[in-house]
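J.: Just dropping this structure here.
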Amino acid sequence: MATKPEDAKPAEKKSEKTADAKTNAPAPKDGAAKPAATAKPGGKKKPLVMIAAGAVLLAGGGGTAAYFLLGNKAVDAEHAEAKHDPKKIPIFVDLETFTVNLREPDDERFMQIKLVAELKDAPSGEVLKSMMPAVRNEILLTLGSKQAQDLASREGKETLAREIVAAANKSLAGTPAEKSVESVNFTHLIIQ
């Protein structure tokens, strides 16, 4: 069967309509070739805007990196000094064992405690050793004023440690080792 030329025309019209719908341009009636694409307004500016935005981002990122890497030299120098300054090792002086009666209203109880004093420097340790009788006296008076219930909790022991530091520093007042006892450590503690 041969197709009639009349049957082919409606198919051509449909394809022309669909092509025209895509470009929104009027279809040529003489069957001439259509333009490939119509130029959009501002199409050439788009790549320039993209390049400019990329350049701004790159410059901003570089500036930020330079600030963080190079801008804080003074702060870095302080941190470097702090890192190279090792923690000062304290001087420990053994205060030997103390045995005291506790102040109990109904019962006879005693406490045995061994202390180590932590001092700020070695010369203070020598002064403390030479002043040991006075230091031990002040600590014994402090320990004898306590009750067992005062020392039952951690807070009670920490309070006692602060009081012992104050008593030791009291006996060192007026010497080159004044206020040199920074803390005391319990190495042995028994309450019976």
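Computed from the coordinates by the stated procedures, all read-outs in this text should not be read as laboratory data. Quick caveat: nothing in here was measured; it's all calculated off a predicted structure. Don't worry about glycine lacking a Cβ; one is built from the backbone with ideal geometry, like all the others, and counts go over all protein chains shown.
J.: Which of the GluC sites (Glu not before Pro) across the stretch 95-192 are loop residues per DSSP, with 13 or fewer other Cβ within 10 Å?
T.: Those that pass, being in a loop and sparsely packed, are 108, 178.
J.: Roughly how many Å is it from the Cα centre of the stretch 96-142 to that of the stretch 146-192, as a whole number?
T.: Value for the Cα centre distance between the two parts: 8 Å.
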